[in-house]
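Asker: Dropping a structure here in structure tokens format, bear with me for questions.
Nothing in this text is a laboratory measurement; each read-out follows from the coordinates by a stated rule. Note that this is a predicted model, so its numbers are computed, not measured. Don't worry about glycine lacking a Cβ; one is built from the backbone with ideal geometry, like all the others, and counts go over all protein chains shown.
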């Protein structure tokens, strides 16, 4: 009886996948981000790629059918495609992320800087764009946030689990380690961290933090563009004074210079339209195109089945992101 029920569920999922696959059969051409499904044809508009990021930033992200197209690896692929797409004249990044791993944040940041040489880039914040989410946005020509967006959290965190007391005192379990050097098992969960190890890890944090500050300096303080679009300058004094891990509202961030203006996607459309007209010396209207890489039928089926049978009661749903991504320096707020 149980096997029969599972078989029926799988058949239903297959039918749903086929239906959705038909709707997403074109994997290469972007569409208007409106209710119309009509393809943009011709050259009488300035096409703008809208690329979204939702959730934590990581090189390998667990996704489900609701967020698989909007993770960090997909954003990076979409950015590279938009850079090479000659029809795309500007890019809007919609960011809703608390941040994540350092390296992946830097990969996306560097790609945005490359695009800025040829096309204007604007970041628009949703509910949260903190730490690594702010890091990648700082590479944009302009940043727009809602008044109530939570942003900032400029800093680095490195988390380790330490349960050696549980093992030794409660379970009477000894930890035996044979290693080639005294730091080989640094961050081990089965023993206390030494003062030397803590100092070494703090040095890593400090270096990663300085990289964060330098990225903001390059993207926002030293930015040198001729666009007439509204901007708010960030001072070195404000950067060093407020980059202590605190979060701001979008309104506060704008007053301090971390955000250029407050507004939404419509604000971004108007702004990037004027920037593209300046850049390409035309008077064309901006057309927004949803540009995230579409999931293949196989990916969608895999995610649907995993979500249905494996993800309902995962213990990781109740564990902080910093613990899931432990043993890595993180540009993360949680």
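Asker: Sort 260, 185 by Cβ crowding within 10 Å, fewest neighbours at the top. Mind showing how you got there, number by number?
Answerer: Numbers: 260 24, 185 15.
The most exposed by this proxy come first: 185, 260.
Asker: Moving to a separate point now. Rg to Rh for segment 42-191: what is it, with Cα atoms only and Rh by Kirkwood?
Answerer: 1.16
Asker: Still on this structure: Arrange the peptides 194-205, 74-85 so that the one whose residues have, on average, the most other Cβ atoms within 10 Å appears first.
Answerer: 74-85, 194-205
Asker: Can you compute the radius of gyration and Dmax for segment 163-211, using only the Cα atoms, both in Å?
Answerer: Over segment 163-211's Cα set, Rg and Dmax evaluate to 13.6, 43 Å.
Asker: By average Cβ neighbour count within 10 Å, what is the ranking of 141-147, 279-285 from highest down? Before the final figure, lay out the partial values.
Answerer: Numbers: 141-147: 24.7, 279-285: 12.7.
Taking the mean over residues of other Cβ atoms within 10 Å, the ranking is 141-147, 279-285.
Asker: Here's another thing I want to ask about it. Give the dimensionless ratio obtained when the Cα radius of gyration of segment 118-252 is divided by 2.2 N^0.38 Å.
Answerer: 1.46
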